Amino acid sequence: GIIINPLEIVIKEDSKSDINMVLTSKPSSDVRLIITTSIFEEIILSHDLIIFNKNNWNLPQKLLISAINDYLINQDKYIYINFNIFSEDLNYNSLQDIKVRVLKINDDKPDIIVSPMVLSIDEGKTGKIDVFLKTKPEKNVIIKIVNKNVNQLNLYNEKITFTNKTWNSKQHIKFQGI
């Protein structure tokens, strides 16, 4: 038989996990494990093929799983890693394919990044504050800029807009000290 451990994994975006595989007996012919995933956009597998033979059948092989951060605010997802077994050794070729269930935890939360948070500016001088989104929005995000110090500051823009294509590009809030 084939031992694959673990058969269930919980993994967060931008993290990694391992699956270990080993045969329980020496095969008479190579044993090929063709490895696929049900949702290839969500995880990266270090291998798509593992081969066991007469020399390495009892040496554990490792599959590294890397969870992709999609920067989307979405639900946790179940993904299946399929191990399809092929061999001319009938003891192994007759085995059922094996599935590992992976729960990918989405850790993306909506957030606005502003830099710098505090800024002083001299009279007559210009400055800017950079703003971008931490996650990709489904629809346009419009941020209205309100000047609460109209006697001390002139704003050059009253709003900035982020789309699902420009969400991680810096937008500038430009101003001048009075």
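The values are calculated or read from the model by the stated rules, or taken from the named source; none is laboratory data. Computed from a prediction, not measured in an experiment: that's the story for all the values here. Cβ: placed from backbone, ideal geometry, glycine included. Neighbour counts: every protein chain shown. Side chains are part of the model used for accessible areas, which takes the heavy atoms of the whole protein and leaves out ligands, DNA and RNA. Shrake-Rupley method; radii C 1.70, N 1.55, O 1.52, S 1.80 Å.
Looking at this structure, is Phe175 open to solvent by less than 50 Å² (accessible area, probe 1.4 Å) and within 22 Å of the chain's Cα centre (by Cα)?
no
Output yes when any residue across segment 68-75 is over 24 Å from the mean Cα position of the chain (by Cα), at pLDDT below 90, among the aliphatic types (A, V, I, L, M) and in a loop (DSSP other than H, G, I, E, B), and no when none is.
Scanning segment 68-75 turns up no residue that is over 24 Å from the mean Cα position of the chain (by Cα), at pLDDT below 90, among the aliphatic types (A, V, I, L, M) and in a loop (DSSP other than H, G, I, E, B).
Name the single residue, out of those in segment 108-137 being open to solvent by 50 Å² or more (accessible area, probe 1.4 Å) and in contact (Cβ under 8 Å) with a residue 60 or more places away in the chain, that is nearest to Gln75 (Cα to Cα).
The extreme case among them is Lys136.
With respect to Ile121, is the statement that it is under 22 Å from the mean Cα position of the chain (by Cα) and either more than 30 Å from Trp57 (Cβ to Cβ) or modelled with pLDDT under 95 (or both) true?
Judged against the criteria, Ile121 is not a match.
Do you know which residues across segment 82-93 are open to solvent by 80 Å² or more (accessible area, probe 1.4 Å) and without any contact (Cβ under 8 Å) to a residue 60 or more places away in the chain?
Result: Phe86, Leu90.
Taking the condition touching a strand residue (DSSP E or B) at 6+ places or on another chain (Cβ under 6 Å), open to solvent by less than 70 Å² (accessible area, probe 1.4 Å), of a type outside the set (Gly, Ala, Ser) and within 30 Å of Trp57 (Cα to Cα), does Ile79 pass?
Yes: the conditions hold for Ile79.
Across segment 1-60, what is the total count of residues that are part of a strand (DSSP E or B) and either in contact with a helix residue (DSSP H, G or I) (Cβ under 8 Å, 6 or more places away or on another chain) or of a type in the set (Val, Ile, Thr) (or both)?
Within segment 1-60, residues that are part of a strand (DSSP E or B) and either in contact with a helix residue (DSSP H, G or I) (Cβ under 8 Å, 6 or more places away or on another chain) or of a type in the set (Val, Ile, Thr) (or both) number 18.
For Leu155, state whether it is touching a Phe, Trp or Tyr at 6+ places or on another chain (Cβ under 7 Å), open to solvent by 40 Å² or more (accessible area, probe 1.4 Å), of a type in the set (A, V, I, L, M) and at pLDDT 90 or above.
yes
Residues are listed down the side, and each one gets a yes or a no for (1) in contact with a Ser or Thr (Cβ under 8 Å, 6 or more places away or on another chain); (2) in a loop (DSSP other than H, G, I, E, B); (3) over 30 Å from Ser28 (Cβ atoms):
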residue	(1), (2), (3)
Arg101	no, no, yes
Ile121	no, yes, yes
Ile160	no, no, yes
Thr166	no, yes, yes
Lys174	yes, no, yes
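If you take the residues in segment 37-62 that are open to solvent by less than 70 Å² (accessible area, probe 1.4 Å) and modelled with pLDDT under 95, which one is nearest to Ser17 (Cα to Cα)?
Going through the qualifying residues, I end up with Glu42.
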